[in-house]
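Only one structure is covered here, and it is reproduced in the block below.
The values are calculated or read from the model by the stated rules, or taken from the named source; none is laboratory data. All of these numbers come straight from a predicted model, not from anything done at the bench. When we count neighbours, we look across all protein chains shown, and the Cβ atoms used for this are built from the backbone with ideal geometry, even at glycine. With ligands, DNA and RNA removed, areas are computed over all heavy atoms of the protein, side chains included. Shrake-Rupley method; radii C 1.70, N 1.55, O 1.52, S 1.80 Å.
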Amino acid sequence: MEKMEKKRTPAEDEAIKNKKRTLTENVATENKKRNLTEDVKMFLKGMRIWQKNIPGYLPRLFLDCIFTCLQPYFPLYMSALIVNELAGACDLRRLLTFAAITVAGSFVLSLASRFFSGRFGAIVSTYYSRHESCLFNAANHFQYEHLEDSEVVLAKSRITSVANATAAGLPKVLNLSEDIIKQLLNMIVSAALTLSLFRVVPGFYTGFFVFINSSWAALLLVAVIVLNSVLSVKLSTRSTAKIYSAISGLAPMNNLVNAQAAVKGTDTYIFKLNRIIITDWEKYMLRPKWVKSYEEALQSQAIGKHLLNLTVKLVVFLFTAAKTWIGAVGVGNFILYQGTVQKFVSSVSELAADLGVLRDNNQYLEETLAYLELPNSMYKGSLAVEKRDDIDYEIEFRDVSFLYPRSDEWALRHVSMKFKIGDKLAIVGENGSGKTTFIKLLCRLYDPTEGKILLNGIDITRYRYDEYMALFSVAFQDFSLFAFSIAQNVAASNQIDEERVVNCLTRVGLGERIAELPNGIYTNIGREYENEGVDFSGGEQQKIALARALYKDAPFMVLDEPTAALDPIAEAEIYARFNDIASDKTSVFISHRLSSCKFCDEIAVFHKGCLVQFGSHDNLVANESGKYYELWHAQAQYYEN
């Protein structure tokens, strides 16, 4: 036997529960006060998530940014060299060399830029499906509790809605990462090419030109550029906050769009449900407040940036023109500096805008991160489940009670029972009596709040989680079938044992139906992805779900209302086949139709979360004061003949 894993202490369990509760209850985050360092760290975390989900994302990003950044500077720099040569020695060989380098270098840079931009653009253009995949993969690692938690479900809806409406949250990281890195590279390259402008050139100058060629003039120009940068940051931050506030008005409209897309079927037309959506849509569209706020924010940002850039452009032009006039810089450098300084100023302004967007986007990114990082606090033991040839397993519920998260009402209370391999156990009771909760605890979707569940005398929490789960094959009433082939749905895998699939479908009464289909077991369920797919009836779909439970061939089979969608004839057929379907397995059978209980060895009767009766059908129906007698005779008129 493998060495037993050390169980967590009660204090550690409580700490994990508190962390989970904090994340779950605060999924809907507000825009918190964060400093720039915290915002940048959160943004980098978003980049790491993309790198994890898209291998090669960061290399593609950096290569795209590097070549896109270098492309405009190379011809600008070479043009300065050519003009200086024309204004100076005018050596034909040097001019031809510069021209050849300019043409060849520009061609290579342009080709590389287009190539890497295309590769990175392919990632950005598929952000929607990649974002959905990221959320889907995270949900696959949740504990079952999170999948049923209304707060978590609502958080997922908000994240998807905002991403679809404004690409905010994790999708925005893709575009922002490219923009920010490009602006940083532009600032570095343009600053490096502009440094010589601030050099003091030896010579004899008079009047105003003495000042122009001094360190004071260089400092003044630097001060103007820095002041412009600071004002651009403030303007962008303020304008971006207003723009995002206005854009948030798109979320209700997007929800209406999603609601309209979701409403379909006969109910829509019989009850005219679309009228609700249309009315709300019209009310929303007749309130242009958010549109006006959005336009004003965009206009103020555009006008402010234009005035700041115009001021810097004028100052730089006068400064470089004066230095060129006195011969401190060449004519070609004059052209170079006009481009590089403006590029530096523009990059600072754009970077400021990007940082403003980053900080406002982080309120949505934080919610996404909280969703992705929801902890799975379910204890997973280390004991291997014994592989027995006789599949002789015994399950015992020992004084088990259960309370759902954030609920004050016990779903189960002091339940104790045993059942062994080969038993056919029926679980009956009114709605809300605890039947489904009992199954969720048995399959370890939840752990008991009080008491223990034992497998062959050992607490099930001490077993390896995956191995314990492999013992159960479940067909729930609210089953799920995907728009893939019948074979994939039955096998729950792409690795398919065709003979086994056909056998399971035949055992549930679908053999002839499947044999009539042109593609047999490889027929798609529904027509979402395949025109030759088949729309099966509700009863046929439930039989496919039953076949999937059979295909797993686990020692324990749990059937939750397996005939709910079947007509009376099909239901009778399933009951007649029940012994064959269950064979030598332990079968736990939940049903509201007590006629099915005749096929079971023992019956557990639940009422208000308590196990009130346990025994065979004959013994229970003979007890006229018992709950089972009451339920049986309430339905007897429907099947006593």
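Here is how the numbers come out for the structure above:
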item: Length-normalised contact order of segment 478-541 in % [C-alpha pairs under 8 Å, at least 6 apart]; result: 34 percent
item: Pairwise centroid distance, computed over Cα atoms, of segment 324-341 with segment 354-372, Å; result: 43 Å
item: Gyration tensor (alpha-carbon) shape descriptor, segment 347-492, a/c threshold 1.5; result: prolate
item: Accessible-area order (highest first, 1.4 angstrom probe) of the listed residues PHE136, PHE67, PHE589, PHE62; result: PHE136, PHE62, PHE67, PHE589
item: Under-5 Å amide H pairs with GLY451, H placed in peptide plane, nonlocal only; result: SER401
item: Bins of 10 Å from zero: percent of alpha-carbon pairs in segment 32-187; result: 9, 27, 25, 16, 11, 7, 3, 1
item: Two-site label geometry, GLU409 and LEU76: point separation in nm, points 7 Å out along Cα→Cβ; result: 7.0 nm
item: Rounded FRET efficiency, nearest 0.05, which uses the C-beta distance separating ASP399 from PHE482 and R0 of 30 Å; result: 0.15
item: Solvent exposure ordering (accessible area, 1.4 Å, most first) of SER157, SER485; result: SER157, SER485
item: Of LYS440/LYS585; LYS552/LYS627; LYS380/LYS543, pairs whose Cα-Cα distance is over 23 Å; result: LYS552/LYS627; LYS380/LYS543
item: Accessible-area ranking of ILE496, ILE54, largest first, probe 1.4 Å; result: ILE496, ILE54
item: Sequence ranges 369-377, 35-43, ranked by mean other-Cβ count within 10 angstrom, highest first; result: 369-377, 35-43
item: Inter-probe distance in nm under a simple model that places probes 7 Å from Cα toward Cβ, at GLU499 and THR449; result: 5.1 nm
item: Ellipsoid equivalent to segment 468-543 - semi-axes via the Cα gyration tensor, in Å; result: 20, 14, 13
item: Accessible area of THR97 in the full protein assembly, 1.4 Å probe (Å², nearest 10); result: 70 Å²
item: Label-point separation, ALA223 to LEU96 (7 Å along Cα→Cβ), nm; result: 5.1 nm
item: Charge tally in the Cβ shell below 11 Å around ALA426, where Lys, Arg are +1 and Asp, Glu are -1, ALA426 excluded; result: +1
item: Heavy-atom accessible surface of segment 74-190: percent carbon and sulfur, 1.4 Å; result: 65 percent
item: Gap separating the Cα centres of segment 34-88 and segment 461-476, nearest whole Å; result: 50 Å
item: Note, ³J(HN,Hα) from phi for segment 489-502, Karplus 6.51, -1.76, 1.60, rounded to Hz, x at Gly and Pro; result: 5, 6, 7, 6, 6, 8, 8, 10, 9, 4, 4, 5, 4, 4
item: Isotropically averaged projected area of segment 315-405, using the convex hull of Cα atoms (one quarter of hull area), nm²; result: 15.1 nm²
